[in-house]
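Written below as structure tokens is the structure these notes are about.
The values are calculated or read from the model by the stated rules, or taken from the named source; none is laboratory data. Here the structure is a predicted model, which means the values were calculated and not measured. For neighbour counting, all protein chains shown are included, and Cβ atoms are generated from backbone atoms with ideal geometry for every residue, glycine included. Note: areas computed on protein heavy atoms with side chains; ligands, DNA, RNA excluded. Shrake-Rupley method; radii C 1.70, N 1.55, O 1.52, S 1.80 Å.
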Amino acid sequence: MEPVIKTDNLTIRFGGQIAVDHVSCEIPEKHFKSIIGPNGAGKTTFFNLLSGELKPTEGEVYLKGERITHLSSIERARKGLGRSFQITNVFPNLTVLENVRLAIQSREKIYFQMLRYFTSYKHLIEEAEHILEQVLLIDKKDAIASQLTHGEKRKLEIAMLLALDSEILLLDEPTAGMSLEEVPIILDVIRNIKEKGEKTILLIEHKMDLILDLSDSIMVLFNGQLLADGTPEEIMRNELVESAYLGGMYNDDLAGNQ
């Protein structure tokens, strides 16, 4: 079966620095893959290459067998590749419900009509409320988005991805900046999405313990290179991964073990 996402020697250089170094991977459909690594490992840059926000210096990105390396982030989003936690995705002065409803309207290509009030689109409101229930945000549907807590804004961003019906969710450190009380809630939201079995999920995290029970597989980046890729059990037993997280590995060690 053709992987839903595939990269082939994906590389990007900024001046003399290689941020992502010939990374090749395959992600099956409806799979949950976590991407971990120490700070500065190249995780977010790799996501930016997948989503089209950056163009690679070398290598290719494929979506369902189609080469999409040349496509913009908007074109990739239209093909079902959804990237979370971009601040422009949320309208801070609108309510939570309105944010999700507008995402559904965008998906359905329903545009503003001067003589038609938005409440006449009852099905849009019902779908928006259903999505807010999925992300445990229905009780905040009438709140202004700017008034949400950090964790609630994360849930709203996920809700908007679901409203756009993104087939593939790229979640960049969804627990970053959250209070200890908020972390389990956002993980429950992500777990609920996974258990529905309808989405392919790629999640960046640097705290390995948070994602072990969620992940079908884990890939580890270190200094821009793919250090390991396997099941959570395999990653936990990998001595190179342990060395990377303990800070005892250098580029020469990595090169000698690949």
Task: Rounded to 5, percent antiparallel among DSSP beta bridges of the chain - done: 55 percent
Task: 5 angstrom amide H check on Ala143, placed H, neighbours 5+ away - done: Val96, Leu97
Open item on the list: Just to confirm, what accessible area per residue do you get for the chain at 1.4 Å probe, in whole Å²?
Closed with: 50 Å²
Task: Evaluated at q = 0.17, 0.26, 0.31, 0.32 Å⁻¹: base-10 log I(q)/I(0), Debye formula over Cα of the stretch 181-231 - done: -0.59, -1.12, -1.34, -1.38
- [ ] List, in order, the whole-Hz ³J(HN,Hα) value for each residue of the stretch 219-227 obtained from phi through the Karplus relation with A = 6.51, B = -1.76, C = 1.60 and θ = phi - 60°; use x for Gly and Pro.
- [x] 10, 10, 9, 8, 6, x, 9, 7, 7
- [ ] Tabulate in residue order the Karplus-calculated ³J(HN,Hα) for the stretch 175-182, using 6.51 cos²θ - 1.76 cosθ + 1.60 with θ = phi - 60°, rounded to whole Hz; enter x for Gly and Pro.
- [x] 9, 4, x, 8, 6, 4, 6, 7
TODO: May I ask for the Rg/Rh ratio of the chain, computed from Cα atoms with Rh as the Kirkwood radius, given to two decimals?
DONE: 1.00
TODO: With θ set to phi - 60°, apply the Karplus curve 6.51 cos²θ - 1.76 cosθ + 1.60 along the stretch 76-82 and write out the HN-Hα couplings as whole Hz, x wherever there is a Gly or Pro.
DONE: 5, 4, 5, 8, x, 9, x
Open item on the list: Given the DSSP H assignment, sum -39500 (n - 2.57) over each helix run of at least 4 residues in the chain and divide by its residue total; what's the result at 222 nm in deg cm²/dmol, nearest 500?
Closed with: -10500 deg cm²/dmol
Open item on the list: Running a GNM on the chain with Cα contacts under 10 Å, which residue among Glu26, Glu195, Glu129 ends up with the highest mean-square fluctuation?
Closed with: Glu195
Task: Ranked packing of 62-72, 208-218, 153-163, most packed first, by mean Cβ within 10 Å - done: 153-163, 208-218, 62-72
- [ ] Would you kindly calculate the translational diffusion coefficient of the stretch 1-109, applying Stokes-Einstein with the Kirkwood radius from alpha carbon pairs, for 10 °C and a viscosity of 1.306 mPa s, and quote it in µm² s⁻¹ without decimals?
- [x] 103 µm²/s
Open item on the list: Quick check: pseudo-label points 7 Å beyond the Cα along Cα→Cβ at Phe14 and Ser72, how many nm apart are they?
Closed with: 2.3 nm
Task: Highest average packing first - 175-186, 30-41, Cβ atoms within 10 Å - done: 30-41, 175-186
- [ ] Please find the FRET efficiency linking Asn192 to Ala143, where r is the Cβ-Cβ separation and R0 is fixed at 30 Å, and quote it to the nearest 0.05.
- [x] 0.90
Open item on the list: Please list, ordered by chain and number, the residues whose modelled amide H lies under 5 Å from the amide H of Phe222; skip anything fewer than 5 residues away on the same chain.
Closed with: Leu227
- [ ] Identify which of Gln17, Gln134, Gln105 has the largest mean-square fluctuation in a Gaussian network model of the chain, with springs joining Cα atoms closer than 10 Å.
- [x] Gln17
Task: Rg to Rh, two decimals, where the stretch 52-105 supplies the alpha carbon set and Rh follows Kirkwood - done: 1.09
Task: Reach of Lys64 by Cα under 26 Å, taken over lysines that are not fewer than 8 positions away in the same chain - done: Lys6, Lys30, Lys33, Lys43, Lys55, Lys79, Lys109, Lys194, Lys196, Lys199
Open item on the list: Could you tell me how far the Cα centroid of the stretch 8-41 sits from the Cα centroid of the stretch 115-178, in Å?
Closed with: 29 Å
Open item on the list: If you take every DSSP beta bridge fully contained in the stretch 129-258, what fraction is antiparallel? Give it as a percent rounded to 5.
Closed with: 50 percent
TODO: Pop a pseudo-label 7 angstrom from the Cα along the beta-carbon direction at both Lys30 and Ala176 and give the gap in nm to one decimal.
DONE: 3.1 nm
Task: Long-range amide H partners of Ile201 with built H, under 5 Å - done: His31, Phe32, Lys33, Leu169
Task: Of all accessible heavy-atom area on the stretch 120-242, the percent that carbon and sulfur account for (1.4 Å) - done: 49 percent
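Quick one: Cα convex hull volume of the stretch 129-206, Å³ per residue?
93 Å³
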